[in-house]
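Below: one structure, written as structure tokens.
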């Protein structure tokens, strides 16, 4: 490094070098520029690195939310294999966003070198702003879900319970209809048996009402009417038992079908629980995040990440030219001159009246010129060789015309 009497550039450490690299800064030039240039590119690299790190965390969390086993929202057990895959995906995703963000920052020019952002500068930066906005959204939403995880889990658990109850209601109604079909298959036997059951229920209800004094005009206790009702219940149950013995085969078959339906119902109810607990995906959590946080808080978080992501772009457009920029231009000019490239700035106007640079590749033009000259010389030599060959053949003919005529094929003159 060149030593100056009036200014010595501070020596940068490894961390600063790494952040320069993240921002696309030239280490060779920055070590020879001013300290303010070094700090600027260190800050830019820090933002790019932080964006990549946050993208990795957000991507890993989103991956785990999508692919982790579903269960009750209040149970927060970590699934090891999915967590390991989430870490791997998060690292890959973070590196990818880091490189995209690094490309966006390094490809954003200085504009006109003043602090003012003109419309032309902003217009040229629109594609990068759109890319940065998309990246900011992909980072902010998973982090927003993680920030309000407790509230989201409570809301999600309520929705899971509601969904489970709705499934149970539908399942019960469905199997009640199927059980009715089983009863109807018994025909008259089923109706008669159901009649016995209904009469027993009414008698038992009347017996209970009499014991508790709910029947009008009758005192509570085991009086004559209560005893008569109890005797009636016993008689009806005996008749039901005899009826069951007579129709045992039909009733046994119906009971078998009923038990099968009830067992199937239990399985469906267990499945309903699993289905209800499956309501734990990324989309549902995004909806609940907006519901829990509200519009303004959600917008604030999104704008926060947008500002972090887009700051380097606008920051570079607002930077004034510094020694680093002039050194970079000098480096570029030297490299172009070393390779025979000449740039004539604002040399001509295109059809739209925009001034364009004329690029002259002297090395390429030199090679083209040499190729053209070599081709021309080869052409002249070929013409000269043909002329000499022609003169030699003429001398042979003059010295021995008869031999030359004998060599000619007579068939050539038949036509």
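Just to confirm my filter: which helices (runs of 4 or more DSSP H) fall fully inside region 8-109 and include at least 1 residues that are within 30 Å of residue 163 (Cα to Cα)?
Details: elements: 14-23, 27-30, 35-67, 80-107.
Where helices (runs of 4 or more DSSP H) fall fully within region 8-109 and carry at least 1 residues being within 30 Å of residue 163 (Cα to Cα), they are 35-67, 80-107.
Which condition number does residue 279 fail, the rest of (1) assigned to a helix (DSSP H, G or I); (2) modelled with pLDDT under 80 being met?
Single failed check for residue 279: (1).
Among the listed residues 351, 394, 390, 366, which satisfies the condition of being within 58 Å of the chain's Cα centre (by Cα), outside the structural domain of residue 29 (by TED's automatic domain parsing) and part of a helix (DSSP H, G or I)? Can you show your working first?
On the way: 351 fails: part of a helix (DSSP H, G or I); 394 fails: within 58 Å of the chain's Cα centre (by Cα); 390 fails: within 58 Å of the chain's Cα centre (by Cα).
Of the residues listed, the single one that is within 58 Å of the chain's Cα centre (by Cα), outside the structural domain of residue 29 (by TED's automatic domain parsing) and part of a helix (DSSP H, G or I) is 366.
Only one residue in 121, 115 is under 14 Å from residue 313 (Cα atoms), in contact (Cβ under 8 Å) with a residue 40 or more places away in the chain and not in a helix (DSSP H, G or I). Which one? Give the derivation first.
On the way: 121 fails: not in a helix (DSSP H, G or I).
Residue meeting the stated conditions: 115.
Restricting to region 348-365, and then to whatever is under 20 Å from residue 120 (Cβ atoms) and in contact with a strand residue (DSSP E or B) (Cβ under 9 Å, 6 or more places away or on another chain), can you tell me which residue is surrounded by the fewest Cβ atoms within 10 Å (Cβ to Cβ)? Explain how you work it out, then say what you get.
Residues of region 348-365 that are under 20 Å from residue 120 (Cβ atoms), as a first pass: 348-357.
Keeping just the survivors that are in contact with a strand residue (DSSP E or B) (Cβ under 9 Å, 6 or more places away or on another chain) gives 348-350, 355-357.
Numbers: 348: 10, 349: 10, 350: 8, 355: 10, 356: 13, 357: 10.
Step by step, filter region 348-365, then rank; the result is 350.
So which pairs qualify, if the first residue must be in region 342-361 and closer than 19 Å to residue 330 by Cα, the second must be modelled with pLDDT under 75 and surrounded by 11 or more Cβ atoms within 10 Å (Cβ to Cβ), the Cβ gap must be under 6 Å, and the two must be at least 6 apart or on different chains?
Pairs found: 358/347.
Test residue 264 against the criterion of being over 30 Å from residue 360 (Cβ atoms) and in the same structural domain as residue 33 (by TED's automatic domain parsing), and give yes or no. Walk me through how you get there before you give the answer.
Numbers: over 30 Å from residue 360 (Cβ atoms): yes; in the same structural domain as residue 33 (by TED's automatic domain parsing): no.
Judged against the criteria, residue 264 is not a match.
The values are calculated or read from the model by the stated rules, or taken from the named source; none is laboratory data. As the structure is a prediction and not an experimental result, all values here were calculated from the model. Note that we place each Cβ from the backbone using ideal geometry, even for glycine, and neighbour counts take in every protein chain shown.
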